[in-house]
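Visitor: Below: one structure in structure tokens.
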Amino acid sequence: MSPATPEIAAPRGWIARSLDLVERVGNKLPDPAVLFLILMLVTWGVSALMSTMSFTELDPRSGEPVRIVNLLTGGSLTAFMASMVTTFVNFAPLGVVLVAMLGLGVAEHTGFINAGLRSLLVVTPKQLLTPVLIGVGILSHVAVDAGYVLVIPLGAVIFYAAGRHPLAGIAAAFAGVSGGFSATFLVPSSLDPLLAGLTQAAARLIDANLEINPLNNYWFTTSSTLLIMLVGWFLTDRVIEPRLQATKVDGDTAQMPTMTELKPEEIKGLVAAAVAMFVAAALFVLTLVPEGTPWGADPATLAPGTHPLLAFTAPLMRSIVALIFLFFLIPGAVYGYVAGTVKTHRDIIAGMSKAMSGMGYYIVMAFFAAQFIYAFGQSNLGVLLAIKGANGLQALGLPMAMTLVGIVLLSGFVNLMVGSASAKWALIGAVMVPMLMQLGVSPDLTQAAYRVGDSSTNIITPLLPYFPLIVVFCQKYVKGAGVGTLLALMLPYSVTLLVVWTAFLLGFWALGIPLGFGSSYQYVPAG
């Protein structure tokens, strides 16, 4: 990176100083693995203290009053020990990351990613890298969680190869993948029918015949794509990257891409890899075309209007990570053999092994993260907080606009403690949807407000299952990066999205623009 200029070294504004403070304080926290361990121990202690208390809030899952489970009893501790291995092995991001990294490792080891990005940068104007990267991050939602293991690390690579700070690339990609998680780029994601199904289940507590269209927020989430790209573009180029100019890139630069002219053998390898990718993709698409394709879910089990291939339970949606593995393995191997960077199959295996050797730190963090999330879920502390927040919002009796703002803020707050979007909505939605229906607010509008709050704070919660992985990506380029570094990077995105995206939703509501297919803004209670 180029050395800092006198202008960059000039007195910094209050925003930069505030973010510096967040970074310093955050990086003084213990190592993320130890932090998760401490949080787990705190959860144990709080659960023991609160387990003796009685609460009137009803658990929507059982209909009974919420009961905090004491995690320090003999039964709880032995259950924790007995499930420790399965809790770790079944930690969803773990398998996703490792399988995807096997394919990415081959593509990186053979030089396919390096050469491909250099060819891409030749035709992409440098000033458009940021919005293109954010747009790709939003588009990755179609592939469920693929953006975390694919787009975010490539964002750093692309920015570094273009002579820009790699952490700015990580921040921009993270903003698109996670901050814009509820946005969709024309193609619906599997999150749409998943949330709509939970909304319908909650709404039927009031109206047993109410049907929720899986695309009930489609127009809002699709138009939100442009908003997020513009916000992310401005913040990355005008706030984040200027602040990073004083942050030295001290990672292993020998493993980082450089902008050199493509050699003839590299061009030949890229052409062969492109042909291999096209043939593989064409053959795959042919398997999707036939009616009743095994890649689709059973239509008899789906809600009306849900495409079998886009259902959350569809084999296609559940095979995304395996497809990513093949998407990089096939062209990576073909490129290596044609370009001469690999000679035998042993070189391919070496690439996979090298990728796995770099994931050791993440695996350690994933172990402690999995144990903490398990303990927090077992304690019911998250359920209690969510329901108390929803009931408190109802008691305020705010006007419609302020109620929507309240839903956004409540969703964002609960998101700091419960990482899964579906788990949060199963808890909050079961209370909020029927409650607001009684006040005349449609389930479609309540769901849209939840999606804004959930997405906006995704990027600043260390409880996001992929948060430790993003820290590891940062440390590849800046060895001293930690939780505070990532929080300071993402806080401007989070706050800005929370404000601007909420205003965008209020604009939709004020102008009466349809939120999606079969959606409404008002619900008239029966009778």
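Visitor: If I ask for residues that are touching a Ser or Thr at 6+ places or on another chain (Cβ under 9 Å), in a helix (DSSP H, G or I) and of a type outside the set (V, I, T), which ones from segment 207-247 would you list?
Guide: Y218, W219, F220, S224, M229, G232, W233, F234, L235, D237, E241
Visitor: On the basis of being open to solvent by less than 50 Å² (accessible area, probe 1.4 Å), outside any helix (DSSP H, G or I) and more than 16 Å from S379 (Cβ to Cβ), does G105 make the cut?
Guide: Here the answer is no, as G105 does not meet what is asked.
Visitor: If you don't mind, another one. Can you name every residue in segment 162-184 that is open to solvent by 10 Å² or more (accessible area, probe 1.4 Å) and either part of a helix (DSSP H, G or I) or aromatic (F, W, Y) (or both)?
Guide: Residue satisfying the conditions is F181 alone.
Here is a yes/no grid of residues against (1) more than 17 Å from D31 (Cα to Cα); (2) buried (at least 18 other Cβ atoms within 10 Å of the Cβ); (3) at pLDDT 90 or above; (4) in contact with a strand residue (DSSP E or B) (Cβ under 7 Å, 6 or more places away or on another chain):
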site	(1), (2), (3), (4)
P468	no, yes, no, no
K476	no, yes, no, no
G480	no, no, no, no
L487	no, yes, no, no
Y493	yes, yes, yes, no
V499	yes, no, yes, no
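Visitor: For residues that are surrounded by fewer than 20 Cβ atoms within 10 Å (Cβ to Cβ) and within 22 Å of the chain's Cα centre (by Cα), tally how many sit in segment 504-516.
Guide: 1
Visitor: Considering each of L385, L436, L396, L381 in turn, give the residue that is modelled with pLDDT under 85 and farther than 28 Å from S178 by Cβ.
Guide: L396 is the lone residue from the list that is modelled with pLDDT under 85 and farther than 28 Å from S178 by Cβ.
Visitor: How about segment 339-374: which of its residues are open to solvent by less than 30 Å² (accessible area, probe 1.4 Å), more than 21 Å from T461 (Cβ to Cβ), in a helix (DSSP H, G or I) and of a type in the set (A, V, I, L, M)?
Guide: A339, I348, A355
Visitor: May I pose another question? Out of segment 435-466, which residues are within 17 Å of P399 (Cα to Cα) and open to solvent by 10 Å² or more (accessible area, probe 1.4 Å)?
Guide: M435, Q438, L439, G440
Visitor: Check whether at least one residue in segment 511-519 is at positive phi and modelled with pLDDT of 90 or more, and report yes or no.
Guide: The answer is yes; a qualifying residue exists.
Visitor: Can you find a residue in segment 40-60 that is modelled with pLDDT under 75 and not in a helix (DSSP H, G or I)?
Guide: Looking for residues that are modelled with pLDDT under 75 and not in a helix (DSSP H, G or I), one finds at least one in segment 40-60, hence yes.
Visitor: Right, I324: surrounded by 20 or more Cβ atoms within 10 Å (Cβ to Cβ) and either modelled with pLDDT under 90 or out of contact with any Pro (no Cβ under 7 Å at 6 or more places or on another chain) (or both) or not?
Guide: Answer is yes for this residue.
Visitor: Could you give every pair whose Cβ atoms fall below 7 Å, whose first residue belongs to segment 275-304 and is under 19 Å from R318 (Cα atoms), and whose second residue is surrounded by 15 or more Cβ atoms within 10 Å (Cβ to Cβ) and small (G, A, S), counting only separations of at least 6 or pairs across chains?
Guide: W295/A314; G296/A314; A297/A311; A297/A314; L302/A311; A303/G197
Visitor: Looking only at residues in segment 154-191 that are polar (S, T, N, Q) and in contact with a Ser or Thr (Cβ under 6 Å, 6 or more places away or on another chain), which one is modelled with the highest pLDDT?
Guide: Applying the filter and picking the extreme gives S182.
Visitor: Looking only at segment 33-43, which residues are open to solvent by 40 Å² or more (accessible area, probe 1.4 Å) and in contact (Cβ under 8 Å) with a residue 60 or more places away in the chain?
Guide: Answer for segment 33-43, where residues must be open to solvent by 40 Å² or more (accessible area, probe 1.4 Å) and in contact (Cβ under 8 Å) with a residue 60 or more places away in the chain: V34, L37, L39.
Visitor: Here's a follow-up. Open to solvent by 70 Å² or more (accessible area, probe 1.4 Å), in a loop (DSSP other than H, G, I, E, B) and more than 20 Å from L139 (Cα to Cα), is that true of E261?
Guide: yes
Visitor: Is it true that some residue in segment 117-126 is among the hydrophobic types (A, V, I, L, M, F, W, C), under 23 Å from M317 (Cα atoms), surrounded by fewer than 24 Cβ atoms within 10 Å (Cβ to Cβ) and at pLDDT below 85?
Guide: no
Visitor: Another question, then. From the list L194, L227, exactly one residue is under 21 Å from the mean Cα position of the chain (by Cα) and at pLDDT below 85. Which is it?
Guide: None of the others qualify; the one that does is L194.
Visitor: What number goes with the only condition from (1) over 24 Å from F234 (Cβ atoms); (2) open to solvent by less than 20 Å² (accessible area, probe 1.4 Å); (3) among the polar types (S, T, N, Q) that S519 does not pass?
Guide: (2) is the only condition that S519 fails.
Visitor: In segment 56-78, what residues are touching a residue at least 60 places away in the same chain (Cβ under 8 Å) and out of contact with any helix residue (DSSP H, G or I) (no Cβ under 7 Å at 6 or more places or on another chain)?
Guide: L58, R61, R67, S76
Visitor: Could you identify the single residue in I348, I330 that is farther than 24 Å from G147 by Cβ, in contact (Cβ under 8 Å) with a residue 12 or more places away in the chain and touching a helix residue (DSSP H, G or I) at 6+ places or on another chain (Cβ under 6 Å)?
Guide: The conditions single out I348.
The values are calculated or read from the model by the stated rules, or taken from the named source; none is laboratory data. All values reported here derive from a predicted model rather than from experimental measurement. Glycine also receives a Cβ, built like all others from the backbone with ideal geometry; neighbour counts cover every protein chain displayed. Heads up: the accessible areas ignore ligands, DNA and RNA and are worked out on the full protein's heavy atoms, side chains in. Shrake-Rupley method; radii C 1.70, N 1.55, O 1.52, S 1.80 Å.
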